[in-house]
Amino acid sequence: MEAAVVERRRDRVGHVKRVGYVKKGIVKRKCTRRIKRRPAQAVPMALQELFLSCLDVFKGPGTVPPTHDVQKLRRILDNMKPEDVGLTSELQFFRPTNVLNGDSRVTYTTIYKCDNFSLCLFFLPATGVIPLHNHPGMTVFSKLLLGTMHIKSYDWVDPVDFYGTVTSSQLRLAKLKADSVFTAPCDTSVLYPTTGGNIHAFTAITPCAVLDVIGPPYSNEDGRDCSFYKEYPCTSSNGNTTVKSEEADSYGWLEEIEMPENSQMDGIEYMGPQVIEPSC
């Protein structure tokens, strides 16, 4: 049993290396050779511009960037390419013929994180899923860098506060905002604390890489914890809320659930170009 676990971990390390980065702290090997360090990678202009703009745009919890700043970040992200974060479609992970031995676990890495925002990459193997979840009090920019994925998103119909708190029954009515397949390169999607598809799910059709800009980042201490949901077809009324039958396909009943097993992810070390913080 123990040997099997070790072997699986080694397989997972290999899977992550095929993404292009290195798994943290799973397999340690003693090495007596001196390893020549790679020279530092130059920061792509687009990544550095994104980073500096985020420093300027995100003002911390309880705030939403104004429209002109949202458009500024969207413009930068729309023009970003996989190479800007050290990725390429030629990597084994993203090749159409790549089969990952049935392992559909999602991995992620953090490019940069502070109190006001974070820059993260998510790697979804084919059939990999990030289940329906919310982003309380956050503005999130998602840029599909590689692959094809299905995105489904909702917004609450019930009255909510800035952090998405809902005062209704266990089943809560939500309006469908997106239910489509996207293929890179495509436009950046933006969601807000209470609009734009704040509750969404990703399902990879092919191996995918997604760059997320999240402001402010998740924080249990500050009340920005992630919640997960199960959806039910909107075919009838619930409590005091009624949806016309001809509009039922544009709504769904969502129920908050415990963290699903397929929501667990593996963290990996970011080995792409590093952003440069401005000097004081």
Assertion target for 181, 129, 106, 85, ordered by fewest C-beta neighbours within 10 angstrom first, is 181, 129, 106, 85
For residue 107, distant residues with modelled amide H under 5 Å away = 123, 266
Cβ density ranking, 10 Å radius, fewest first, applied to 45, 80 yields 45, 80
Estimated inter-spin distance, residue 127 and residue 157, nm [label 7 Å along Cα→Cβ] = 3.5 nm
When 176, 211 are arranged by how many other beta-carbons sit within 10 Å of their Cβ, fewest first, they go 176, 211
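If you stretched the chain out fully between residue 181 and residue 148, how much longer would it get, using 0.36 nm times the residue separation minus the C-alpha to C-alpha distance?
In short, 11.2 nm is gained.
Read the figures in this text as sums done on the coordinates, not as results from a lab. Bear in mind the structure is a predicted one, so any value in this text is a computation, not a measurement. Here Cβ is always computed from backbone atoms with ideal geometry, including for glycine, and neighbour counts include all displayed protein chains.
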